[in-house]
Amino acid sequence: MPNNLTVTTPSDLEVKMVRVFDAPKALVFAAHAEPEHVKHWWGRGNPLDVEMDFRVGGNWRFVEHAPDGDWAFRGEYRDIQAPDRIVQTFEFEGMPGHICEETLELTEEGGKTTVTSVTRFDTKEERDGMIASGMSEGAGQSYDALADYLAKLS
Amino acid sequence: MDRLSEVFGALADPTRRAILARLAEGEATVNQIAEPFPISLQAVSKHLKVLEKAGLITRGKEAQWRPCRLDAAPLREVANWVTTYQRFWEERYDELGAYLKQIQKEN
């Protein structure tokens, strides 16, 4: 079981991230569902403004006050099945209009919870941009050349 | 279309990625670029126009000899964005892991 974040590409328009947490599912779900919890971790250690209306059709908006500036994100909850599944849209306000849909699925085994997040992009171009830049280990061969090339540039 | 979308769109095509890889080795004319590809010069020119519009290549001024050159800046921009995205999620999940540990200890 991976302890670090693993990233793969299950289909043409999806990027999947998997991470295991040493905590029961109900608690991991609560950490995503309740603003009092969210503000403690989602900001990566930075102060976080949390507005969330955690119900289907409700909106969320988080503003992270990082040393390099404010980062604002927003979206809408599309499906909630406590404590197993959350579907929400995700948009970085710095790139407005680039909206993707995230599906979080929680499974528990032996007191540990696996969080599987699948991000679904609107268009192949948006996803390809990410993959081409070498984000995923599972990227297809056609991207290898560019990934190597990008590595040379940086 | 914003600049990042144009760069993503330009990178989504395998021929255009191959052209960029070729130009990473040094500047080249349209004929030199077209040589390894089983497609027409017109098709290559079309791809070059897309790359030029996205700011990924620049072309020489001389009418006959217009060598294409790679411009790495927009690629860096894309790479930076992706790196940032991944780093964000790694840091966020590390923080969640630590937070879960802490609140379980308290209870």
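Please treat every number below as a calculation from the coordinates, not as lab data. These numbers were taken from a predicted model, which means no experiment stands behind them. Cβ: placed from backbone, ideal geometry, glycine included. Neighbour counts: every protein chain shown.
Compactness ratio of the stretch A:58-123: Cα Rg over 2.2 N^0.38 Å, N = residue count?
Its radius of gyration relative to the 2.2 N^0.38 Å reference: 1.29.
Taking the Cβ of A:Ile86 as the center, what net charge do the other residues with Cβ under 13 Å away carry, scoring Lys and Arg +1 and Asp and Glu -1? List each step's numbers first, then the result.
Numbers: positive: A:Lys25, A:Arg55, A:Arg78, A:Arg85; negative: A:Glu34, A:Glu76, A:Asp79, A:Asp84, A:Glu101, A:Glu102, A:Glu105.
Net charge in that neighbourhood comes out at -3.
To the nearest 0.05, what FRET efficiency results for B:Gln102 and B:Glu27 with a Förster distance of 45 Å applied to their C-beta separation?
0.20
Using a 7 Å offset from the Cα along the Cα-to-Cβ direction at both A:Glu36 and A:Thr116, what is the distance between the two label points in nm, to one decimal?
The two pseudo-label positions are separated by 3.2 nm.
Over 28 Å between C-alpha atoms is what I'm after, so list which of A:Lys16/B:Lys49; A:Lys16/B:Lys105; A:Lys39/B:Lys105; A:Lys25/B:Lys105 land there. The partial results should precede the final answer.
Working: A:Lys16/B:Lys49 34 Å; A:Lys16/B:Lys105 30 Å; A:Lys39/B:Lys105 19 Å; A:Lys25/B:Lys105 16 Å.
Among A:Lys16/B:Lys49; A:Lys16/B:Lys105; A:Lys39/B:Lys105; A:Lys25/B:Lys105, the Cα-Cα distance tops 28 Å for A:Lys16/B:Lys49; A:Lys16/B:Lys105.
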